[in-house]
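**Q** The structure under discussion is supplied below as structure tokens; questions concerning it will follow.
The values are calculated or read from the model by the stated rules, or taken from the named source; none is laboratory data. Remember, it's a predicted structure, so these values are computed and weren't measured experimentally. Every residue, glycine among them, receives a Cβ derived from its backbone with ideal geometry; neighbour counts consider all protein chains shown. To get the accessible areas, we keep the full protein, side chains included, count just its heavy atoms, and leave off ligands, DNA and RNA. Shrake-Rupley method; radii C 1.70, N 1.55, O 1.52, S 1.80 Å.
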Amino acid sequence: METPIDSDARLVERTLELLGGKWKVLILWHLGVVDVCRFGELRRRLPGITQRTLTLQLRELEAAGLVHRTVYAKVPPHTEYRQTEAAKDLSAVYMELKRWSLAHRELLI
């Protein structure tokens, strides 16, 4: 196996910063499952998240280029969220985290 160089480690560190916190990976996971999701639906899928936290996390993910937001100026107005192609590239990472968590469930209890 190739030894990582400092620049590789910095890229991984930056990726972890980008996805850091309790909610971002879960938000991306749910958007990957349903493809398109309104704010209220996304909030129902994430018990325990506050409206403010979800709003802030979605804004950060959008600024990072991982979430695309579409606002419909209808009555009543609504907003839909979806993963960008860059976020979809992370799906294998989520599946590997799921596989690991199932294999090492005893460490998570």
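**Q** Of everything in region 82-109, what is surrounded by 11 or more Cβ atoms within 10 Å (Cβ to Cβ) and not hydrophobic (A, V, I, L, M, F, W, C)? Give them in sequence order.
**A** Within region 82-109, Arg82, Gln83, Thr84, Lys88, Asp89, Ser91, Tyr94, Lys98, Ser101 qualify.
**Q** Does any residue of region 91-108 turn out to be assigned to a loop (DSSP other than H, G, I, E, B) and either touching a Lys or Arg at 6+ places or on another chain (Cβ under 8 Å) or closer than 16 Å to Lys24 by Cα (or both)?
**A** So far as region 91-108 goes, no, none of its residues is assigned to a loop (DSSP other than H, G, I, E, B) and either touching a Lys or Arg at 6+ places or on another chain (Cβ under 8 Å) or closer than 16 Å to Lys24 by Cα (or both).
**Q** Pull up region 55-81, narrow it to residues that are among the small types (Gly, Ala, Ser) and either part of a helix (DSSP H, G or I) or open to solvent by less than 90 Å² (accessible area, probe 1.4 Å) (or both), then point me to the one that is nearest to Leu18 (Cα to Cα).
**A** Going through the qualifying residues, I end up with Ala64.
**Q** Identify the residue in region 35-54 that is open to solvent by 100 Å² or more (accessible area, probe 1.4 Å) and either of a type in the set (A, V, I, L, M) or not in a helix (DSSP H, G or I) (or both) and, among all such residues, is nearest to Leu66 (Cα to Cα).
**A** The selected residue is Arg38.
**Q** State all residues of region 5-34 that are in a loop (DSSP other than H, G, I, E, B) and surrounded by fewer than 11 Cβ atoms within 10 Å (Cβ to Cβ); if no residue qualifies, say none.
**A** Residue satisfying the conditions is Ile5 alone.
**Q** A further question on this structure: May I ask you to list the residues in region 14-59 that are under 17 Å from Ser91 (Cβ atoms), in contact with a strand residue (DSSP E or B) (Cβ under 7 Å, 6 or more places away or on another chain) and in contact (Cβ under 8 Å) with a residue 40 or more places away in the chain?
**A** Selection gives Leu28, Leu31, Gly32, Asp35, Val36, Cys37.
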